[in-house]
Each structure stands twice: as structure tokens, then as C-alpha cells.
Amino acid sequence: PFNCNGNGSCNQAQQCSCFSGWNGVDCSLRICPFGVAWADKAHAADSAHSLSECSGAGTCNTKLGVCKCFPGYEGSACHRSSCPNE
């Protein structure tokens with residue numbers, strides 16, 4: 001639909017296959033940076049902290065493809081703790 005907004009290609013079933021960095025049914029949503037999740041469920045006995053958009057410590061602005069970090073976190077993927085009083 002909508003030629004995938006120029007951010008992907010349309011297949012014979014009229015579904016978009018988005019280019020890298022884009023998401024959504026019509027490829028109109030930008031993907032934000034991923035980082036190791038600050039908290040998540042273990043998915044094996046020795047495996048946890050999967051990659052997560054904005055490291056699970058912020059929200060993604062899908063128009064710009066940038067994370068808005070929660071208080072106490074910083075970095076492009078909210079992957080660092082902020083220092084107090086800075």
C-alpha cells in the first residue's frame with residue numbers, strides 16, 4: 001500500500017517488505033536503536049537481557065527514529081545510566 005512510502009518494496013500479495021531502519025505495514029515507521037535490555041525475562045538457563053528497542057528504558061519516536069529515554073538513562077539507545085546531578 002502507498003508504494004511502501006518509498007521505504008520498502010511491495011510484493012505480489014501487496015504487502016510491504018521494509019528496508020533496513022523502517023517498520024510498519026506501510027514502512028512509514030522508523031526503527032529506533034536497539035541495546036541490551038536493562039530488564040527482561042531469561043529465555044534460557046544462561047541467557048537473558050536480549051536486545052530491545054531503546055534498551056527497554058525509553059520510548060521510540062517512530063517519526064524520527066530516536067529514543068526518548070526515561071529519567072536515569074541516556075544514550076542513543078538509552079543504554080547508559082545517567083550520573084546523578086549532571
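The values are calculated or read from the model by the stated rules, or taken from the named source; none is laboratory data. Every value quoted in this text rests on a predicted model; they were computed, and no experiment measured them. Using ideal geometry, Cβ is built from the backbone for each residue, glycine included, and neighbour counts are taken over all protein chains shown. Note: accessible area is taken over every heavy atom of the protein model, side chains too, but ligands, DNA and RNA are not part of it. Shrake-Rupley method; radii C 1.70, N 1.55, O 1.52, S 1.80 Å.
The portion of the accessible surface of the chain made up by carbon and sulfur, rounded to a whole percent, is 53 (1.4 Å probe; DNA, RNA and ligands excluded). Could you state the number of Å between the C-alpha centres of the stretch 27-61 and the stretch 71-86? Taking the Cα centre of the stretch 27-61 as reference, the centre of the stretch 71-86 is 16 Å away.
When only Cα pairs under 8 Å and 6 or more residues apart are kept, what is the percent relative contact order across the stretch 1-47? Intermediate results must be reported in sequence, preceding the final value.
On the way: 57 pairs, mean separation 12.1, N = 47.
So the answer I get is 26 percent.
The residues packed around His49, meaning those with a beta-carbon under 15 Å from its beta-carbon, carry a net charge of -1 if Lys and Arg are +1 and Asp and Glu are -1. Stretched out straight at 0.36 nm per residue, the stretch from Ala13 to Ala42 would grow longer than its current Cα-Cα span by 6.8 nm. Sorted on the mean count of surrounding Cβ atoms within 10 Å across their residues, most packed first, peptides 28-38, 64-74, 10-20 read 28-38, 64-74, 10-20. Could you work out the relative contact order of the chain, using alpha carbon pairs under 8 angstrom and six or more residues apart, expressed as a whole percent? In percent, rounded to a whole number, it is 20. Heavy atoms of the protein chains alone define the surface here; on that basis the stretch 1-40 has 68 Å² accessible area per residue at 1.4 Å probe size. Does the chain come out rounded, prolate or oblate by the C-alpha gyration tensor, with a ≥ b ≥ c the root eigenvalues, rounded set by a/c under 1.5 and, if not, prolate when a/b is larger than b/c and oblate if not? Judged from the Cα gyration tensor, the chain comes out oblate (a/c at least 1.5, b/c at or above a/b).
Suppose every Lys and Arg Cβ carries +1 and every Asp and Glu Cβ carries -1, with no other charges. What dipole size does the chain come out with about its Cα centre, to the nearest 20 debye?
Details: 5 positive and 6 negative charges, 36 e Å.
So the dipole magnitude of the chain works out to roughly 180 debye.
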